[in-house]
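Enquirer: Mind looking over this structure? Questions follow.
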Amino acid sequence: MLDLDSPDTRLIGRWENRARGHAVVFSDRGTEVFHYLDEFCIADTGVVPQYALFRIGGTPDEIHLAYYDYRDHPELLQQPIVFQRSTQGPDCPSAGAHEAGATPEAIFDLIWRSFDHFYIGFETRGVDWDAARSEFEHRAGAARDDDELFDVLAEMLARLRDGHVNLTLRDRTANAGRPRLRARLAAAWSEADTGMTEGAFVSAWHREVSGSVHDVLDPGSLRSAAAGALEWGKIGSTTGYLRVNRFGGFTSEPSPRSQQIDALHAALADALDDLAETRVLVLDVALNGGGNDAAAMTIASYFADRARDAVIYDYAHDTPRATRLVPADSVYERPIFLLTSEVTASAAEAFVLAMRSLPHVTHVGERTRGGISSLLPKPFPGGFLVTISYERVLDAEGHEFEGVGIPPDVPIALFPDSDLHGGFATALRSLAASPPFPALMDTGTPGD
């Protein structure tokens, strides 16, 4: 195994990944990571996870890098990242070398150009990015300090209405997304006049809705594992219920991913064993805001009927790749009703795309959020940091849902205005009592 801190001579030099704008330089000093765009290059400030060598590619000019703990459980990680050897490109100075020239105009220009180069959602979100530059660049140049520049940049990025776009400066953070449900909750908070902050009100609502599911399950059937990431139980004698709360954090204490994935596999095995006698499953990701795409594919493998390409990742400056869904050793192949809402986002939406490729899955509930791409963090002079949606995530047939969300096969209102707090439990009871396609339950199940 090659050690990147003291690399093999075949690795010495500069390697680039165009999709991410990452340059990795191997030298006698060890491994250095830089972010580049055209003539601009800045040392990584710690936003990129530590790389490890996955393998040397099929040619001397290609290597595959992955994150540091891939060795024990490579299935947890995203696909290895391909880097090409580079003999050109901008010089990459040491950290801080750009600060002397970090004028408001220069910082605005770099951030605008970075979105222009890497961002994948202008068309789907209906944003004229050139017009945005014309509108905001003069105000950015007139900014008297970094805080005024932050305000201008935040206003410009808000045009994208993308929850995966963030702007950070010191202790200030602006998110460009504002989901419709969040706006409705803000209105409910204002009307309630509880004395709580808006954030506390929304958190309390989430806890209340999440807890309401427990009352729907048969007494004594509720179980939880993987540090609360998975919960399951039964609704009557034939319907199983499995909720995935998040696609990450599968141990109660911080631990290597290898231990987390072991905990996830153990939890899934226990859940499927408990639900083995059910004839239909409600698989709930309606309150799942995302996590790790590879963990999502791991969970989806427990429901796969056969190996198939399930999700396609496309990039502005790299070749597409397909993620192949391979069945786990033990799978649930009976009818599944996949429950989603506008809260369902990011890796949870990649999970939905994978699950929708399976013939025994019916997607029910509400349209997902439409923020599926992973985040690409980029540091800039002056301490500015942005995250960029840089992946076009497609289903196996090439359909894109970024910015619009994934529509269900059977729409079910989960959070109606008439019952914003209790509607979810009501909908779940109705679904379990009378599924939208009851004939599926009468056709027999695999293994009978």
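Enquirer: Specify the residue with the greatest mean-square fluctuation among Ile261, Ile81, Ile312, computed from a Gaussian network of the chain linking alpha-carbon atoms under 10 Å apart.
Expert: Maximum fluctuation in the GNM of the chain, among the listed residues, is at Ile81.
Enquirer: Let me ask something else. Which angle from 0 to 90°, rounded to the nearest 10, does the C-alpha axis of helix 180-192 make with the longest principal axis of the chain?
Expert: It is inclined by approximately 70 degrees.
Enquirer: Nearest 10 degrees is fine. How inclined is helix 129-141 to the longest principal axis of the chain, computing both from alpha carbons?
Expert: Approximately 60 degrees, to the nearest ten.
Enquirer: I've got another one for you. Return a whole-number percent for the relative contact order of the chain, with Cα pairs under 8 Å and 6 or more residues apart as the contact set.
Expert: The value is 14 percent.
Enquirer: Restrict the search to the range 99-168; then list the GluC sites (Glu not before Pro) that DSSP places in a loop and that have at most 12 other Cβ atoms within 10 Å of their Cβ.
Expert: For GluC sites (Glu not before Pro) across the range 99-168 that sit outside H, G, I, E and B with at most 12 neighbouring Cβ atoms in 10 Å, the list reads Glu123.
Enquirer: Quick one: how many Å² of Phe122 are accessible to a 1.4 Å probe, rounded to 10?
Expert: 30
Enquirer: His214: accessible area at probe 1.4 Å, nearest 10 Å²?
Expert: 70
Enquirer: Let me ask you something else. To the nearest 20 Debye, how big is the dipole of the chain about its Cα centre, given +1 on the beta carbon of each Lys and Arg and -1 on that of each Asp and Glu? Walk me through the numbers before you get to the answer.
Expert: Details: 39 positive and 66 negative charges, 105 e Å.
Result for the chain is approximately 500 debye, rounded to the nearest 20.
Enquirer: Just name one of Leu394, Asn166, Ala310: the one whose Cα is farthest towards the positive end of the charge dipole of the chain (beta-carbon charges, Lys/Arg +1, Asp/Glu -1).
Expert: Ala310
Enquirer: Along the positive direction of the dipole of the chain (beta-carbon charges: Lys, Arg +1; Asp, Glu -1; about the Cα centre), which of Ala328, Ala66, Ala200 reaches farthest?
Expert: Checked the options; the winner is Ala328.
Enquirer: Shifting gears a bit: Would you please give the FRET efficiency between Ser434 and Thr103, computed as 1/(1 + (r/R0)^6) with r the Cβ-Cβ distance and R0 = 56 Å, to the nearest 0.05?
Expert: Working from the Cβ atoms, E equals 0.30.
Enquirer: Given a 1.4 angstrom probe, I'd like the percentage of the accessible area of the chain that is carbon and sulfur, rounded to a whole number. Please list the in-between numbers first.
Expert: Details: 9560 of 19530 Å².
For the chain, the apolar C and S fraction of the accessible surface comes to 49 percent.
Enquirer: Okay, moving on. With r defined as the distance between the Cβ atoms of Asp329 and Glu135 and R0 fixed at 60 Å, what FRET efficiency is calculated, to the nearest 0.05?
Expert: Efficiency computed from Cβ-Cβ geometry: 0.60.
Enquirer: Pick from Asp305, Asp329, Asp147: which is most flexible by mean-square fluctuation in a GNM of the chain where alpha carbon atoms under 10 Å apart are linked?
Expert: Asp329
Enquirer: Still on this structure, please answer the following. Based on C-alpha coordinates, I'd like the Rg and Dmax of the range 116-181, in Å.
Expert: Taking only Cα atoms of the range 116-181, I get Rg and Dmax of 12.3, 36 Å.
Enquirer: Another one. For the chain, modelled as a Gaussian network with Cα springs under 10 Å, which listed residue fluctuates most, Glu391, Glu349, Glu191?
Expert: Greatest mean-square fluctuation among the candidates belongs to Glu191.
Enquirer: Out of every Cα-Cα pair in the range 196-318, what percent are more than 18 Å apart?
Expert: Value for the range 196-318: 59 percent of Cα pairs lie more than 18 Å apart.
Enquirer: OK, next. With every protein chain left in place, what is the accessible area of Tyr332 in Å² (1.4 Å probe, nearest 10)?
Expert: 10
Enquirer: Any idea what angle helix 104-118 forms with the longest principal axis of the chain, computed on alpha-carbon atoms, 0 to 90 degrees, nearest 10?
Expert: Helix 104-118 and the main axis of the chain meet at about 50 degrees.
The values are calculated or read from the model by the stated rules, or taken from the named source; none is laboratory data. Only a predicted model underlies this, so the values are computations on that prediction, with no experimental measurement involved. As a convention, Cβ positions derive from the backbone with ideal geometry for all residues, glycine included, and neighbour counts pool all protein chains shown. Calculation scope for accessible area: heavy atoms of the full protein, side chains included, ligands and nucleic acids excluded. Shrake-Rupley method; radii C 1.70, N 1.55, O 1.52, S 1.80 Å.
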